[in-house]
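The values are calculated or read from the model by the stated rules, or taken from the named source; none is laboratory data. A quick note: this is a predicted structure, and the numbers were derived from the prediction, not measured. Because the Cβ atoms are built from the backbone with ideal geometry, glycine has one as well, and the counts that use them run over all protein chains shown.
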Amino acid sequence: MVDKDNWSDIRGELVEMKEEKKDWTISSPHVIRKGDYYVLSVSEQATRNRKFLAILNKYNTEVKRFVWCNICFLYSDGPLTYWIPREDAIRIKNELEQK
């Protein structure tokens with residue numbers, strides 16, 4: 001998680017790393033905002049890179065491990081495809097976030 005005040009600086013430095021052919025530093029284009037913080041997903045390989053670790057140290061930021069899970073709430077019945085009910089989707093999402 002990155003503080004909103006440091007977000008653009010950290011992102012800028014990571015973009016520079018990407019331009020240096022280290023495109024593994026940013027593993028997902030998705031950025032999640034939680035309150036005053038941003039969650040930036042990077043590969044495990046990036047967490048062992050000295051330059052990446054120096055950026056984290058510079059902005060007093062740490063890495064927390066998580067699993068990115070993309071779930072489509074669909075089911076098919078022959079030629080028709082259905083979404084599962086919203087309530088079920090919310091329940092499943094909450095269960096996954098707690099684990």
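Here are the numbers for the structure shown:
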| item | result |
| --- | --- |
| Where Ile32 falls short, out of the listed (1) surrounded by fewer than 14 Cβ atoms within 10 Å (Cβ to Cβ); (2) modelled with pLDDT under 80; (3) over 20 Å from Gln98 (Cα atoms); (4) of a type in the set (Val, Ile, Thr) | (3) |
| Residue in the stretch 52-61 that is at pLDDT 80 or above, within 29 Å of Glu97 (Cα to Cα) and of a type in the set (Lys, Arg) present | no |
